[in-house]
Amino acid sequence: MPKKIDREDRRQQIVRTYLRIADRDGLEAATSRAVATELGVSTGSLWHYFTGFDDVVFRAFTLIFDRTNTRITEQVGELAGLQALIAMLREILPVGEETEREALIVANFWGRASSKPELGRFQTEVGARWHRQITDLLIEAIEAQELIDSVPVEELTDVLMVLITGLQVECALRTPLSPADRQWRMVRHCLSPWLTETGHAAVIA
């Protein structure tokens, strides 16, 4: 009898291969033909598991999102307030080798999502989850007297979310705004009007 193929395992294998090629050879090289060649199969066989290449990119994006959230959980740990916020942003902003590579995939996903409502809906869910997390951490920072009481939490959260999105695009485009030190300066600039002395120490640390 022919060996039964675990469809979900095969999908994961295809997605991981796509990400590996993108990391190794660049995003433009991560085509369906390249994925099939690396796996030693025909290009057509990929579509037994996906409806098209957009579906592969979507699954890659969800995998990156899951990886990012796992890192956030690990790095935040028992931290709270601004230290937790900085730890969270470090795992999302393209300020290191891994997050820089992820930004390229994310930007590619956004390019496809603009014309595909189902992809856009997932991005909305991702944004909503991070928005809630950032809001909660800012509230913790107020309670810890790291931020002044009058900080506009909702608006500041919105600004940080736009900064996250914008800096991932800047990284993908390799603009002068993409260096890590410049990104952190922007984050501190957003927070600085609301910081207490305790908050300044937490952000610098």
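The values are calculated or read from the model by the stated rules, or taken from the named source; none is laboratory data. Not measured: the values here are computed from a predicted model. All Cβ positions, even for glycine, are placed from backbone atoms using ideal geometry, and neighbour counts span all protein chains on display. Only protein heavy atoms, including side chains, enter the accessible area calculation; ligands, DNA and RNA are left aside. Shrake-Rupley method; radii C 1.70, N 1.55, O 1.52, S 1.80 Å.
One residue alone among Ile105, Ile14, Ile5 is at pLDDT below 90 and over 15 Å from the mean Cα position of the chain (by Cα), and that residue is Ile5.
Being under 23 Å from the mean Cα position of the chain (by Cα) and open to solvent by less than 70 Å² (accessible area, probe 1.4 Å) is the filter here; which residues of the stretch 145-158 pass it? Lay out the reasoning, then the answer.
Of all residues in the stretch 145-158, those under 23 Å from the mean Cα position of the chain (by Cα) come to 153-158.
Scanning the stretch 145-158 gives Val153, Leu156, Thr157, Asp158.
The set of residues in the stretch 162-182 that are over 11 Å from Ala103 (Cβ atoms) and either β-branched (Val, Ile, Thr) or crowded, with 17+ Cβ neighbours inside 10 Å (or both) comprises Val162, Leu163, Thr175.
I'd like the full set of residues that are open to solvent by 10 Å² or more (accessible area, probe 1.4 Å) and either within 14 Å of Leu138 (Cβ to Cβ) or in contact with a strand residue (DSSP E or B) (Cβ under 9 Å, 6 or more places away or on another chain) (or both), limited to the stretch 80-96. Selection gives Ala80, Gln83, Ile86. Could you tell me which residue of the stretch 17-55 is least open to solvent (accessible area, probe 1.4 Å), considering only residues that are of a type in the set (D, E, K, R) and touching a residue at least 24 places away in the same chain (Cβ under 8 Å)? Among those residues, the one meeting the criterion is Asp54.
Inspect all residues belonging to the stretch 112-119 and state whether any of them is among the hydrophobic types (A, V, I, L, M, F, W, C) and touching a Lys or Arg at 6+ places or on another chain (Cβ under 7 Å). Scanning the stretch 112-119 turns up at least one residue that is among the hydrophobic types (A, V, I, L, M, F, W, C) and touching a Lys or Arg at 6+ places or on another chain (Cβ under 7 Å).
Matching residues to (1) at pLDDT below 95; (2) open to solvent by 40 Å² or more (accessible area, probe 1.4 Å):
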residue: Thr135; (1), (2): no, no
residue: Ile139; (1), (2): no, yes
residue: Glu143; (1), (2): no, yes
residue: Ala202; (1), (2): yes, no
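In the set Asp55, Asp66, only one residue is over 30 Å from Leu85 (Cβ atoms) and assigned to a helix (DSSP H, G or I); that residue is Asp55.
Contact map, the stretch 121-144: residues that are over 16 Å from Leu89 (Cα atoms) and aromatic (Phe, Trp, Tyr) paired with residues that are modelled with pLDDT under 95 and in a helix (DSSP H, G or I), Cβ distance under 9 Å, separation 6+ or inter-chain. Pairs shown: Phe122/Phe58; Phe122/Phe61; Phe122/Thr62; Phe122/Phe65; Phe122/Phe109; Phe122/Ala113. When the stretch 97-119 is filtered for residues that are among the small types (Gly, Ala, Ser), surrounded by fewer than 17 Cβ atoms within 10 Å (Cβ to Cβ) and under 15 Å from Val56 (Cα atoms), only Gly111 remains. Restricting the stretch 134-187 to residues that are in contact with a Leu (Cβ under 6 Å, 6 or more places away or on another chain) and of a type in the set (Asp, Glu) leaves a set whose member that is farthest from Phe65 (Cα to Cα) is Glu146.
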